[in-house]
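In what follows, a single structure is set out as structure tokens and then discussed.
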Amino acid sequence: MFQKDLLKWYDKNARPLIFREKKEAYSIWISEIMAQQTRIEAMLPYYKRFIQKYPDIQSLSQADDDDLTKLWQGLGYYNRVRNMKKCAIDCMERYQGKLPKTKAELKKLPGIGDYTAGAIASIAYDEKVSAVDGNVIRVFSRLYNITEDVKQTKVRKKIEQLVEASLADPVSRYNQALMELGALVCIPKNPRCAACPIQKDCKAYLEGDPSKLPVQPKKKERRKEDKTYYVLVCKDKIHLVQRPKTGLLSGLYGFDEQKPEHIVKQVELKEHIHVFSHVEWIMKGYLCEVDSMSENFYSIDQIHEQFSIPSAFLPFLKQTERYIKENQICQKL
Ligand code: SF4
């Protein structure tokens, strides 16, 4: 069986990651949610900042919403961090400020799905449960040469059962070893089979074609939407608008969708496309100099310190910053 070889490989090859240093549910939870957004290397600076500001469930439960989204800026899927706060509040009220210890209980909390619950319960509390994410699905679809569409419920269930049946002690290390194998060796394109510790048990390697697995349905084409934004500038200040409470980028800060009435000067900004998971925004922008400031105009420093500007709006913000700086230099000459 492959488990022994996998664990031996993990002992030698596990990356020294800061959130693995102690088996602690809070840090595992934060790191697992962040790892769903981006590569481990890219998430580490976010993780360090987050843990520094919110070192425990209590501090997270009392977090200011704007501070929280500001820390998350650049990771995307802002609902995840909002759910983390809701989850922290639930833990304060129902579990004395701790995350519960079983996968079944963890799954009942906001924003904690089957995978995250399994990861926390097995890694922090040694509960013998699986943690099946995209990496593990890929490894098992290859290990058992599963050539059906892994997005189908019955195929996914079959893989989950195979993972459950394979669980080995210590489960905390076994689950992490599977994740690490998927991240470092059994990678999506060009899997490194020659360096794989479980090659001799891998059906796709022996009988099939690992690079064709897992089988997934063709992705639907993303919907395209045209968007126009007006970046209002008065002297060295920029107008920000908080987005509605629902919908894409809800509650975050962006620019005006209405053209202002009294424009002193208008400059066309460079168009760009922002890609979300299911939709693409084709974004046109205009910098509009106005001569009077109403509420919600802020300096560039204030914006960087206090507000969470989603990456969809950053190209317009950067161009506006440049424009303001160049204008200030011209005024001084
Ligand atoms: Fe993945 Fe190749 Fe290892 Fe099979 S042999 S588990 S396909 S890396």
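A few points about this structure:
- Note on the chain: Rg/Rh from Cα positions, Kirkwood definition for Rh, rounded to two decimals, is 1.05.
- Value of relative contact order over segment 174-333, rounded to a whole percent, pairs C-alpha under 8 Å and six or more apart: 22 percent
- Counted residue by residue at 0.36 nm each, then reduced by the alpha carbon distance between them, the extension gain from residue 42 to residue 92 reaches 15.0 nm.
- When nucleic acids and ligands are ignored and a 1.4 Å probe is applied, residue 304 ends up with an accessible area of around 90 Å².
- In a simple Cβ point-charge model (Lys, Arg +1; Asp, Glu -1; nothing else charged), segment 1-148 has a dipole of about 300 debye relative to its Cα centre.
- Size check on segment 38-116: the Cα extents along the three principal axes, sorted descending, read 30, 26, 19 Å.
- Projected label points at residue 23 and residue 267, each 7 Å from Cα along the beta carbon direction, are separated by 5.8 nanometres.
- Using a simple spin-label model with pseudo-atoms 7 Å out from Cα toward Cβ, residue 56 and residue 193 lie 5.1 nm apart.
- Hits among aspartates and glutamates - C-alpha to C-alpha of residue 12 under 12 Å, sequence gap 8 or more where chains match: 180
- Descending principal axes extents, segment 1-136, alpha-carbon based, whole Å: 49, 31, 24
- Charge dipole of segment 8-152 about the Cα centre (unit charges at C-beta), most positive-ward option of 97, 38, 75: 38
- The calculated P(r) of segment 197-293, using every Cα pair and 10 Å bins from 0, goes 13, 29, 20, 12, 11, 10, 5, 0 in percent.
- Gaussian network model of the chain, springs between alpha carbon atoms under 10 Å - residue of 321, 148, 21 with greatest fluctuation: 21
- Probe 1.4 Å, accessible area per residue of segment 53-176, Å²: 45 Å²
- Taking every DSSP bridge with both residues inside the chain, close to 60 percent are antiparallel.
- Nearby lysines by direct alpha-carbon distance to residue 101 (threshold 20 angstrom, same-chain neighbours under 8 apart not counted): 22, 23, 85, 86, 128
- Solvent-accessible heavy-atom area per residue, rounded to whole Å², over segment 223-330 at 1.4 Å: 56 Å²
- Nearest-ten-degree value, helix 40-53 long axis tilted from longest Cα axis of the chain: 70 degrees
- For the chain, the fraction of 1.4 Å probe accessible surface lying on carbon and sulfur atoms is 49 percent.
The values are calculated or read from the model by the stated rules, or taken from the named source; none is laboratory data. Note that this is a predicted model, so its numbers are computed, not measured. Reconstructed Cβ throughout: ideal geometry from the backbone, glycine too, with neighbour counts over all protein chains shown. For accessibility, only protein heavy atoms count, side chains too; no ligands or nucleic acids. Shrake-Rupley method; radii C 1.70, N 1.55, O 1.52, S 1.80 Å.
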